[in-house]
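In what follows, a single structure is set out as structure tokens and then discussed.
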Amino acid sequence: MTGHRARPLSRRMHMTIKTVGVVGSGIMGSGLAEVIARGGMNVIVRSRSQATAEAMVASVGKGLSKQVEKGRLTEEEKAAILGRITAVSELSALADCDLVIESVVEDLQTKKSLFAELDAIVKPTAILATNTSTLPVIELAMCTSRPELVCGIHFFNPATAMPLVEIVRPLSASDSTIEIATAFAETCTKQPVQV
């Protein structure tokens, strides 16, 4: 039954992955926000406080200003990228995201609690992904009611400069989830490799 559902979901998601949630506003969260916004998608970055979330957006703006000074971006491109990034402090603001990537502290229990919470908040078709490179993705998938829609999307640090992205497939992930995650990485102008 799951295999039957996967194909239409894949087609629909390829057409509609417009908004991506990023949980965590540290160095990696900031890099993810910039890369995703550069890829033309809207990004909602959630931090524990609104002030921290807004500081992260200001930091992205500062980095983009340097790119403008070096002639790598125009002011219009900078404005468009920043216009696609929204800072929030409530997880509930991620409810309508097509994909949510977490980039919080490398602690399995913290991530498991977060995945269970996200599972209850985001729409049923949304993919939940982790940026971890060390923890078992399957354990995060099992904390949700949608294990077939959970995978790893591991960007290397700094996300803005490193071209490779690992698409980590737990046993529970559907083919369609992995296809969508791979297409997402390509939209971010990265080189995905499935692991």
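The values are calculated or read from the model by the stated rules, or taken from the named source; none is laboratory data. Values in this document were obtained by computation on a predicted structure and should not be read as measured data. All Cβ positions, glycine included, derive from the backbone under ideal geometry; neighbour counts span all protein chains shown. Ligands, DNA and RNA are excluded from the accessible area calculation, which covers all protein heavy atoms including side chains. Shrake-Rupley method; radii C 1.70, N 1.55, O 1.52, S 1.80 Å.
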With contacts defined as alpha carbon pairs under 8 Å and 6 or more residues apart, what's the relative contact order of region 80-164 in percent?
27
If you line up the Cα atoms of the chain on their principal axes, what length do they span on each, largest first, in Å?
53, 31, 28
Report, to the nearest whole %, how much of the accessible area of the chain belongs to carbon and sulfur atoms, 1.4 Å probe, protein only.
54
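Cα-based count: Lys pairs in the chain below 16 Å, eight or more positions apart or different chains?
5
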Go through region 27-72 and name the trypsin sites (Lys or Arg not before Pro) that are in a DSSP coil and have 11 or fewer other Cβ atoms within 10 Å of their Cβ.
Lys70, Arg72
Of Ala116, Ala51, Ala95, the most mobile residue in a GNM of the chain (C-alpha springs, cutoff 10 Å) is Ala51
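How many percent of DSSP beta bridges within the chain run antiparallel, rounded to 5?
Of the beta bridges lying entirely in the chain, close to 15 percent run antiparallel.
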Can you give the Kirkwood hydrodynamic radius of region 43-140 from its Cα pairs, in Å with one decimal?
15.0
Charge dipole magnitude, Cβ of K and R +1, D and E -1 - region 48-195, Cα centre, debye nearest 20
360
Cβ-placed point charges (K, R +1; D, E -1), dipole of region 14-128 about Cα centre in debye, nearest 20
240
If you count only protein heavy atoms with a 1.4 Å probe, what accessible area per residue comes out for the chain, rounded to a whole Å²?
47
